[in-house]
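Notes follow the structure.
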Amino acid sequence: GEFYKNKYGGGAGRGGNKGGAARGGGSYQSRPASTGGSYADLQRLLQGIDGRQYPAYHSLETVTGKGWFHSNMGFTLMFGRTQSDPFAPPTRARVILPKQRMNLPPDTYSNKLQSIATSDFLLRRLYQACREMGADNSLRGGGGWKSPKGGDIQILQPTQHVLEQSAVQIAKGQGDVIVQLTINLPARGRTVLGAEAYEIFDNVLSQLIQEALFNISVPHLQDHVKIVEDQMWLQSQLDDVGLIAFIRNGAILPRISGVDDGPMPMQEQPTPFQSPATLEKSFVLPRTGENVTGMGVPKGITLICGGGFHGKSTLLQAIQWGVYGAKVPGDGREFCVTNPTAMKVRAEDGRSVQAVDISSFINNLPFDKDTTCFSTSDASGSTSQASNIVEAIELGTKSLLLDEDTCAGNCIFRDEKMKLLIANDKEPISPFINYVGSLKRDLSISTVMVVGAIGELFSVADLVLVMDSYRCEDATLRAKDIVRGSTSQPIPSQSFGNIKNRIVVRDKFDPNGKVKTPRRGLIVYGDTEIDLSSVEQVVSFCQTTAISAYLQKLAAGAGANSKQPLLDVLDALDGLVDSQGLDALAVSQFHGGFTRPRKME
């Protein structure tokens, strides 16, 4: 852009025309946002700007609450700020479908959970219809500069989880359906294709809405809402009955692959989960009246053992992703639910740590380095894991989830031979095994850990599970017999101590540049790259996008003051989203790319 401004003159277009009205050349003179009108008005507007410079699309923008009304379909199309260039990020648009046109049964949106479930149902239909119609494909031309480009419609891709998102929403207390998507406004070179744009706004969008949102099966919608409500109800019961997780009998826990969260196909004969008889629990679901039976994982210290590739980590993953409660029907892990505060922690070499008190785990470092307010831009395996555990506790977790494969070994256990070689007063690291009892006793924090090599953990465990060819056994008694026959020294139990609340310095959250989320595990925040690849309970790219918006709200001072602890700041931001929805993260931007994260992430 800067090159052509210098070559041809700022804003004059390639032909150098200063008049602003010539087709294919003159500059576009901006004007105030319009008050919208009918689709006939929209068609006339597009005919008027056809062939002009691309910024003429700004004429589509309307003032808040106004848009372009499609009388035949009964919806209103709105644009916030349209893109200024065909190569810029696509234009965000909002479609409002009134309650009378949607005619949804009241029992599908009478409370927030029902609204989330119904929105999820409609989003899945919209996403599928968009792909089946080919509405997500760009215009096809010859590939040259003057070939048509753009024209694709994109909608947030749903996950296997039923989560609050901003792409499809039910207006609070009204019943109107709000759809937020992106439209890549069509162009030839850098000029407007008005007829093609109207074809997208009228025919393509109308067909998409007709297929996905008007032709729905009400019984299927109601069944979807009921199964979501029952899963969330089951999750809410865990604490009262002394459980941190529940895994349904018959659940299909294996996934297609590490990058595809869909269920393993039945032709590959995945083993359905079956609870050990000693751990079996049953619940009567309130919405469907059905009985669900499965394994209850009790509060306390649980080890998941077994040989390699026998399903240990698969079971832990079902537990760690159960924090979101509801899965989409057909996922295979329906009614596999976990305490919503459970946090998967691991070693994370190279992460940044800011002002974390890790002195319980690491102390007496060489050169008297302070660990009561530890900061580093390049943490080691042990300091990163200690920080992750402390941060999870600071944010109120009641369940720590660990996998031996992704832990720093010296931060978990120190054996007798090593103690003989390196005296305790020479080792600054106090391993996690020393504190696991104190966490349970003093802070009511449970632990679930996958173990393949450290049998010494048997002595502190309340429950030991063994996975054998994806079949789960209760091996607690056998493990305790092994401990009684062992000559190992008893594990010392140390008191964990108190957690210090960190104070947010809000101006440090100013990105000082653009913010982007190139992929699920990365936020580009100004000139800083925030790596979330080891934050394993992020399940959606759009959660990462929402996290970046939360950080920018901190920079703007929303939910924070100069004296607030981090947890209070995050609670305030959560309260903002509770009251105003995810749109509060990007006011008046019609942002359909947010999926709500937990405050833990």
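The values are calculated or read from the model by the stated rules, or taken from the named source; none is laboratory data. Nothing here was measured: the structure is a model prediction, and the numbers come from that model. Cβ atoms come from the backbone with ideal geometry, glycine included; neighbour counts cover every protein chain shown. For the accessible areas, the whole protein counts, side chains as well, though only heavy atoms, and no ligand, DNA or RNA atoms are used. Shrake-Rupley method; radii C 1.70, N 1.55, O 1.52, S 1.80 Å.
Residue-level check: of (1) open to solvent by less than 10 Å² (accessible area, probe 1.4 Å); (2) closer than 29 Å to D260 by Cβ; (3) in a helix (DSSP H, G or I), N388 misses just (1).
Of all residue pairs spaced 6 or more apart or on separate chains, those with beta-carbon atoms under 6 Å, a first member in the stretch 446-457 that is touching a residue at least 12 places away in the same chain (Cβ under 8 Å) and closer than 16 Å to L243 by Cα and a second member that is in a strand (DSSP E or B) and not basic (K, R) are S446/I244; S446/S399; T447/I301; T447/L400; V448/T302; V448/L401; M449/L303; M449/L402.
Of the residues making up the stretch 118-141, at least one is surrounded by fewer than 16 Cβ atoms within 10 Å (Cβ to Cβ) and more than 28 Å from the chain's Cα centre (by Cα).
Within the stretch 241-257, does at least one residue satisfy the condition of being of a type in the set (F, W, Y), under 27 Å from the mean Cα position of the chain (by Cα) and not in a loop (DSSP other than H, G, I, E, B)? Break it down into steps so the answer makes sense when it comes.
As a first pass, look at the stretch 241-257 and keep what is of a type in the set (F, W, Y): 246.
Next, from what is left, pick out any that are under 27 Å from the mean Cα position of the chain (by Cα): 246.
Keeping just the survivors that are not in a loop (DSSP other than H, G, I, E, B) gives 246.
The answer is yes, given that some residue of the stretch 241-257 is of a type in the set (F, W, Y), under 27 Å from the mean Cα position of the chain (by Cα) and not in a loop (DSSP other than H, G, I, E, B).
When you look at A379, is it in contact with a Lys or Arg (Cβ under 6 Å, 6 or more places away or on another chain) and part of a loop (DSSP other than H, G, I, E, B), yes or no? Considered against the rule, which asks whether it is in contact with a Lys or Arg (Cβ under 6 Å, 6 or more places away or on another chain) and part of a loop (DSSP other than H, G, I, E, B), A379 comes out as yes. What do you reckon, is S236 at pLDDT below 95 and within 22 Å of T159 (Cβ to Cβ)? No.
Quick one: would you say R502 is among the charged types (D, E, K, R) and within 15 Å of the chain's Cα centre (by Cα)? Taking the combined requirement at face value, the residue does not satisfy it. Within the stretch 167-189, the set of residues being modelled with pLDDT of 95 or more and either polar (S, T, N, Q) or part of a loop (DSSP other than H, G, I, E, B) (or both) comprises A167, Q169, D176, Q180, T182, N184, L185, P186.
Selection of the stretch 466-494 for residues being part of a loop (DSSP other than H, G, I, E, B), closer than 28 Å to L443 by Cβ and touching a residue at least 60 places away in the same chain (Cβ under 8 Å) yields A475, S488, Q489, Q494. For the stretch 392-451, filtered to residues that are within 17 Å of N364 (Cβ to Cβ) and either among the β-branched types (V, I, T) or in a strand (DSSP E or B) (or both), the residue that is least open to solvent (accessible area, probe 1.4 Å) is I429.
Where strands (runs of 3 or more DSSP E) fall wholly inside the stretch 258-319, the ranges with 3 or more residues that are open to solvent by 10 Å² or more (accessible area, probe 1.4 Å) and within 21 Å of Q235 (Cα to Cα) are 280-284, 291-298.
In this structure, is Q543 at pLDDT 90 or above, more than 23 Å from G513 (Cα to Cα) and open to solvent by less than 20 Å² (accessible area, probe 1.4 Å)? Quick ask: steps written out before the conclusion?
Values: at pLDDT 90 or above: yes; more than 23 Å from G513 (Cα to Cα): no; open to solvent by less than 20 Å² (accessible area, probe 1.4 Å): yes.
Taking the combined requirement at face value, the residue does not satisfy it.
Scanning the stretch 24-61 for residues that are modelled with pLDDT of 95 or more and among the β-branched types (V, I, T) yields one hit, I49. Name the single residue, out of those in the stretch 62-85 being hydrophobic (A, V, I, L, M, F, W, C) and open to solvent by 10 Å² or more (accessible area, probe 1.4 Å), that is modelled with the lowest pLDDT. Filtering first and then ranking leaves V63. The condition of being open to solvent by less than 20 Å² (accessible area, probe 1.4 Å), on the phi > 0 side of the Ramachandran plot and under 18 Å from the mean Cα position of the chain (by Cα) holds for G581. The criterion of being more than 23 Å from the chain's Cα centre (by Cα) and either without any contact (Cβ under 8 Å) to a residue 24 or more places away in the chain or over 26 Å from Q114 (Cβ atoms) (or both) does not hold for P286. Among the criteria (1) at pLDDT 95 or above; (2) open to solvent by 20 Å² or more (accessible area, probe 1.4 Å); (3) more than 20 Å from T278 (Cα to Cα), the one S486 does not fulfil is (1).
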